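Notes for the one structure printed next.
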Amino acid sequence: MNRFENWFCASSFWRSVTQKQLVPWLLSGTELGEHVLEIGAGAGAATEELRKRAGRVTSLEYSPVLLMQLARRTRRAGGNRSPVVAVLRGDASMLPFPEKIFSAVIAVLMLHHLKTREVQDEAFAEAFRVLRPGGVFLALEIQDGWLQRVAHIRSTFVPVAAASAPERLEAAGFSNVSVNSRRGAYRLRAFRARDAENS
C-alpha cells in the first residue's frame, strides 16, 4: 500500500464509513457463526464490527505497520475483557491455520492488493481450505476505474473483475456464489458445501 492508503485506511473517517455502511452491507443476510477469520485486516476498520457479530475474530494482516496499529486498537477496544480478537501477521495466500476451523472468512477491500491473479486464486483456495463445511466466504471489492488506479499509484492494484469472480471461486471449491454491486463496489458471497455425511 502507498502512503495515502496507509493514512486513509487508518483514518477515523474510513473507520466510520466501514463500520456504518460497508460492513453492514457486506454481512447483510449472512450468519457468520462463532469464529471469523478476517484476512487483510489493515488497521482494523472492520474488526470492531466483526467482534460485535461473532464470538471470536482472528484478524490477519501482512503489513507490520498496519499490524501494530491493529493490535493497539484491539487492545484498547478489549479493555479488561477476555480477548475475543486474535491479531496475527500472515499471508492470505498461505494461511497459517489447519483446515476446516473457521465458520466464516471475510476480506474487506484487500484482494486487489494481492500481486497477481494467481496469488488471488491461491487466497481463494486457502479461504476454502480453512472454512468448515457450511461456512461462508465474504469479500468486498472495488470496480476497476481511473480513480481507483490513481489512488493506487505506487501500490499494488490488481482488480478482481466481478464477472469472473464466480468462476474463480467455484474453481477453488465454493458453491452458491453470488455477486451484488453497489456504487462502484461489489460483494462476493460463497459457501463451502456441507459434507455429505453431515447433511
**Asked** For GLU122, are the conditions met, namely being closer than 18 Å to ALA165 by Cα, touching a strand residue (DSSP E or B) at 6+ places or on another chain (Cβ under 8 Å) and either aliphatic (A, V, I, L, M) or free of Cβ contacts under 8 Å to residues at least 40 places away in the same chain (or both)?
**Response** yes
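Among residues belonging to the range 94-136 that are of a type in the set (D, E, K, R) and surrounded by fewer than 15 Cβ atoms within 10 Å (Cβ to Cβ), point out the one that is modelled with the lowest pLDDT. Walk me through how you get there before you give the answer.
Filtering the range 94-136 down to residues of a type in the set (D, E, K, R) leaves 99-100, 115, 117-118, 121-122, 126, 129, 132.
Those still in the list that are surrounded by fewer than 15 Cβ atoms within 10 Å (Cβ to Cβ) too: 99-100, 115, 117-118.
On the way: GLU99: 97, LYS100: 98, LYS115: 92, ARG117: 95, GLU118: 97.
Applying the filter and picking the extreme gives LYS115.
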**Message:** Among the residues that make up the range 57-73, is at least one of them at negative phi, at pLDDT 85 or above and assigned to a loop (DSSP other than H, G, I, E, B)?
**Reply:** yes
**Asked** Has the range 72-87 got at least one residue that is surrounded by fewer than 18 Cβ atoms within 10 Å (Cβ to Cβ), small (Gly, Ala, Ser) and closer than 26 Å to ALA125 by Cβ?
**Response** yes
**Message:** Take the conditions modelled with pLDDT of 95 or more and buried (at least 18 other Cβ atoms within 10 Å of the Cβ) and apply them to ALA139. Does it pass?
**Reply:** yes
**Hits in the range 84-142 (condition: part of a strand (DSSP E or B), over 13 Å from the mean Cα position of the chain (by Cα) and among the charged types (D, E, K, R))** = ARG89, ARG132
**Asked** VAL150 is checked against (1) modelled with pLDDT of 95 or more; (2) more than 26 Å from SER28 (Cα to Cα) and fails just one. What number does that condition carry?
**Response** (1)
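The values are calculated or read from the model by the stated rules, or taken from the named source; none is laboratory data. Since we're looking at a predicted model, the values are computed, not measured. Reconstructed Cβ throughout: ideal geometry from the backbone, glycine too, with neighbour counts over all protein chains shown.
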